[in-house]
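Participant: If you scroll down you'll find the structure; I have some questions about it.
The numbers here are math on the coordinates, done by the rules we state, and not lab data. On a predicted model such as this, the values are computed, not experimentally measured, just so you know. Neighbour counts run over all protein chains shown; Cβ positions are idealised from the backbone, glycine included.
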Amino acid sequence: MIDFSVSRKVLFFAAFISAWPCSLSQAFAANVEADKPQIAIEKKYVEISLTVAAALEPFPGLFADCLAEGKAWADKTNGDATAEWRDNPKAFRQMQWYYTRDYALRSVVGRYVSVVRSDGWFDGGAHPNQHIDTILWDSTARKRVSIRPFFSETADNGPTMVALAQAAKRAITTIKLANGINGYGDDDRPAADMMPDDELRQDMFINNGIKPALLEIGPVTLAPSTESGKSSGMTFHYSPYAVGPYVEGTYTAFVPWSAFQKFLSPEGVAIFGGEPPKGDEDKW
């Protein structure tokens, strides 16, 4: 049986309506760790913050890689905002825009380190926005890698990707129904009366947002395990809009390794095992 976990829902829209204008720290207090930002830019019209968690420092090359990427992002963001302020100051509507990026440690499984990169911003639209991505770092090779080596094959629309995509879709559907969310099709039954497959047949947000392809299945991390040096499965991290409308916030779906065990390569067999630690689902 597949276990599913619910992400913390950061519903920025409610905060935007009730408390705007707010500072960068207020808007993201629930998600930002206590690490001191490496880059903090504050101007009349924009605030930019970059934080790479100190927990990433022990892993060869990882902290420097994230910091370099983050610095390039901060430089470009600052340049773009400055140009907009110069050329079209009315776009700011007398409000300060903000942008934040944070790199946080998700798990360490042998040589592999999973990182969650969270971007948040407000640039004059109807509400703030958030985007989540992930990094899988090979500490031995000192580079970013994909999950490809863990499987015997990873062709687009192949058996592995189809199985992973279906498991992730069912996870999200189960979370939605548990939260009383349904109705994105012709079936108007209450969520409590529906099974995951019922909702999955009609929820185009999920079906369009998760595809059986390595680059379209969604950002993924290795989940920690009760078994030392192992991963209990894969966690998929979906941003607002990815598998539902903005108001639903983010989704985090856990798929246990037993769900894809038969597709594992020898390397995958070596790193997967055990169960997720108690309370892991509450952290993301």
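Participant: Under the Karplus relation 6.51 cos²θ - 1.76 cosθ + 1.60, θ = phi - 60°, what is the ordered set of whole-Hz ³J(HN,Hα) values for the range 81-89, x standing for Gly and Pro?
Facilitator: 5, 5, 5, 5, 5, 5, 8, 8, x
Participant: Among the lysines, which fall within straight-line cross-link reach of LYS44, defined as a Cα-Cα distance under 22 Å, with same-chain neighbours fewer than 8 residues apart omitted?
Facilitator: LYS36, LYS71, LYS76, LYS90
Participant: Once you keep just the Cα pairs under 8 angstrom separated by 6 or more residues, what percentage relative contact order results for the chain? Numbers along the way, then the final one.
Facilitator: Values: 546 pairs, mean separation 59.1, N = 284.
Answer for the chain is 21 percent.
Participant: If you put +1 on each Lys and Arg Cβ and -1 on each Asp and Glu Cβ, how big is the dipole of the chain around its Cα centre, in Debye rounded to 20?
Facilitator: 600
Participant: Once you have the Cα-Cα distance between ARG144 and HIS131, take 0.36 nm times their residue separation minus that, and quote the gain in nm to one decimal. Show your work: numbers first, answer last.
Facilitator: Details: separation 13, 0.36 × 13 = 4.68 nm, distance 1.94 nm.
Using 0.36 nm per residue and subtracting the Cα-Cα distance, I get 2.7 nm.
Participant: If you project the alpha carbons of the range 130-238 onto their three principal axes, what span does each projection cover, largest first, in Å?
Facilitator: Sorted from largest, the Cα extents of the range 130-238 read 52, 30, 28 Å.
Participant: Taking amide H positions as placed 1.01 Å from N in the peptide plane, with prolines and chain starts having none, which residues 5 or more places from GLN38, or on another chain, fall under 5 Å of its amide H?
Facilitator: LEU50, THR51, VAL52
Participant: Working out 0.36 nm times the residue gap between GLU42 and ALA83, then minus their Cα-Cα distance, what length gain in nm do you get to one decimal? Before the final figure, lay out each step's value.
Facilitator: On the way: separation 41, 0.36 × 41 = 14.76 nm, distance 1.53 nm.
Working it through step by step, the gained length comes to 13.2 nm.
Participant: Let me ask something additional. Tell me, what ³J(HN,Hα) does each residue in the range 152-164 have, in order and in whole Hz, if you take phi through Karplus 6.51 cos²θ - 1.76 cosθ + 1.60 with θ = phi - 60° and put x for Gly and Pro?
Facilitator: 6, 7, 9, 5, 4, 6, x, x, 5, 5, 5, 5, 5
Participant: Right, next: What percent antiparallel are the DSSP beta bridges of the chain, to the nearest 5? Before the final figure, lay out the partial values.
Facilitator: On the way: 39 of 47 bridges.
Taking every DSSP beta bridge with both residues in the chain, the antiparallel ones total about 85 percent.
Participant: Less than 27 Å apart at the alpha-carbon level, and either on another chain or at least 8 residues along: which lysines does that give for LYS211?
Facilitator: Candidates past the 8-residue exclusion: LYS9, LYS143, LYS169, LYS176, LYS230, LYS262, LYS283.
Participant: Follow-up question, since we're still on this one. Among [x] 20.1; [y] 21.5; [z] 23.3, only one was calculated for this model; which label is it, if the read-out is Kirkwood radius over Cα pairs in Å?
Facilitator: Matching entry in [x] 20.1; [y] 21.5; [z] 23.3: [x].
Participant: Moving on. Can you pull the one-decimal nm distance between simple spin-label points at MET95 and ASP35, each 7 Å off the Cα toward Cβ?
Facilitator: For MET95 paired with ASP35, the spin-label model returns 2.9 nm.
Participant: Along the charge dipole of the chain, which of MET161, ILE217, GLN94 sits closest to the positive end, that is, farthest toward it, with unit charges on the beta carbon of Lys, Arg, Asp and Glu (+1, +1, -1, -1)?
Facilitator: Looking along the dipole axis, the top candidate is GLN94.
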